[in-house]
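Have a look at the structure below before the remarks.
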Amino acid sequence: MLANTTTQSGARPQSWARVALGRLTQVLLLFPALAFAAEPVATVTFLEGGASLLRGVARYALAEGVRLENADIVELNDKALAQIEFTDGTLVALGPRSRLMVLSYPSGAARARGAGELFLLTGWLKVERPRAEPHVISRIRTPALELSLANTTAVIDATAAEAMVFLESGEARAAQAGKGGQAEEPVRLKGSQFYACKRDQRCVVAPRPTRAFLEGIPRSFMDTLPSRLPKFKEHAVAPRRSGDFTYEEVEAWVNSPTPPVRRVVVNRWHAKASDPAFRDALATNMREHPEWDRILNPEKYKESQEPWTSERRTGPR
């Protein structure tokens, strides 16, 4: 056997298994994400119409049964509907043209503290908390507001500059998103109350939602969200890759006014800087996302260190 043979010099060569293990270890050190599969945080349990999943630097076709991971982005097409069920029991329904990011879904001690967040860039979202606490997801953000959840059932409609919340039941705290991503003083909301917020304008609390809001709610949001998770408990579906995405398609994410979203985007998409078209678009619009300058021009951020020599002196002898 190889492990028991010797070379002419008398050295004992490594076995093929040891060599292979060594090479695998080097690969995992270079690419730690390969060492462990990402932990699923949710399952898509209903989908009607077309939808995409942005994961890493690729676009995938979304389907029922697909497991979502931390930092995944879900984007629905026109007239599409979806339901996502998280491992903490939170149910989320999405309406047409909705764009949602799993902003944070921690594990371990942070999971017990309820530090999970979802970010609704645009569109309609309904959230239900049918299971008793503890919950991982404690907050839903939009570009205009932050909604802290308890045992809450709420409907949210968000755009880049405006957000409206109808608290169907339970309690929640809503706060306007200020400049720099800092939230203003929160307001406590109770069942049946309506909260409307526009960027750079004072938010309004009303005893009932407006007529325009009620007319816009997707019809499926009128009913309690039924859990469909048992159907997919033992049946995970792998998303099918459908191609790459362009800068224009994700510009709203790259230039999000919410700092935590921008940090996730830079962390997940920095490899897109090697795509010439994406890189050119980033460079052209650098004023909108200055954090990308470190990725495109790393030489500007190298610390200049004067070489130390034995002749270097701190003062006269």
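Summary table below
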{"quantity": "Of the criteria (1) over 21 Å from the mean Cα position of the chain (by Cα); (2) closer than 30 Å to Ser52 by Cβ, which one Glu171 fails", "calculated": "(2)"}
{"quantity": "Residues satisfying the stated conditions in the range 143-167, i.e. surrounded by fewer than 19 Cβ atoms within 10 Å (Cβ to Cβ) and among the acidic types (Asp, Glu)", "calculated": "Glu162"}
{"quantity": "The range 290-305: number of residues that are of a type in the set (Lys, Arg) and either surrounded by 11 or more Cβ atoms within 10 Å (Cβ to Cβ) or in contact with a strand residue (DSSP E or B) (Cβ under 8 Å, 6 or more places away or on another chain) (or both)", "calculated": "1"}
{"quantity": "In the range 223-260, residue modelled with the lowest pLDDT [restricted to those that are outside any loop (DSSP other than H, G, I, E, B) and among the basic types (Lys, Arg)]", "calculated": "Lys231"}
{"quantity": "Any pair with Cβ under 6 angstrom, 6 or more apart, that starts in the range 219-248 at a residue that is of a type in the set (Val, Ile, Thr) and ends at one that is surrounded by 15 or more Cβ atoms within 10 Å (Cβ to Cβ)", "calculated": "Val237/Gly65; Val237/Val66"}
{"quantity": "Conditions (1) at positive phi; (2) in contact (Cβ under 8 Å) with a residue 12 or more places away in the chain: number failed by Asp200", "calculated": "(2)"}
{"quantity": "Only listed residue being hydrophobic (A, V, I, L, M, F, W, C), in contact with a Leu (Cβ under 7 Å, 6 or more places away or on another chain) and surrounded by 14 or more Cβ atoms within 10 Å (Cβ to Cβ), chosen from Leu229, Leu225", "calculated": "Leu225"}
{"quantity": "Selected residue [in contact with a helix residue (DSSP H, G or I) (Cβ under 9 Å, 6 or more places away or on another chain), assigned to a helix (DSSP H, G or I) and surrounded by fewer than 16 Cβ atoms within 10 Å (Cβ to Cβ)] from Arg263, Arg279, Arg287", "calculated": "Arg263"}
{"quantity": "Single residue of the range 168-217 satisfying the filter (in a helix (DSSP H, G or I) and of a type outside the set (Gly, Ala, Ser)) that is surrounded by the most Cβ atoms within 10 Å (Cβ to Cβ)", "calculated": "Phe213"}
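Matching residues to (1) assigned by TED's automatic domain parsing to the domain that holds Tyr195; (2) within 19 Å of Ser98 (Cα to Cα):
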residue: Phe213; (1), (2): yes, yes
residue: Ile217; (1), (2): yes, yes
residue: Ser227; (1), (2): yes, no
residue: Ala252; (1), (2): no, yes
residue: Pro257; (1), (2): no, yes
residue: Arg268; (1), (2): no, no
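The values are calculated or read from the model by the stated rules, or taken from the named source; none is laboratory data. These numbers were taken from a predicted model, which means no experiment stands behind them. With ideal geometry, Cβ positions are generated from the backbone for all residues, glycine too; neighbour counts draw on all protein chains shown.
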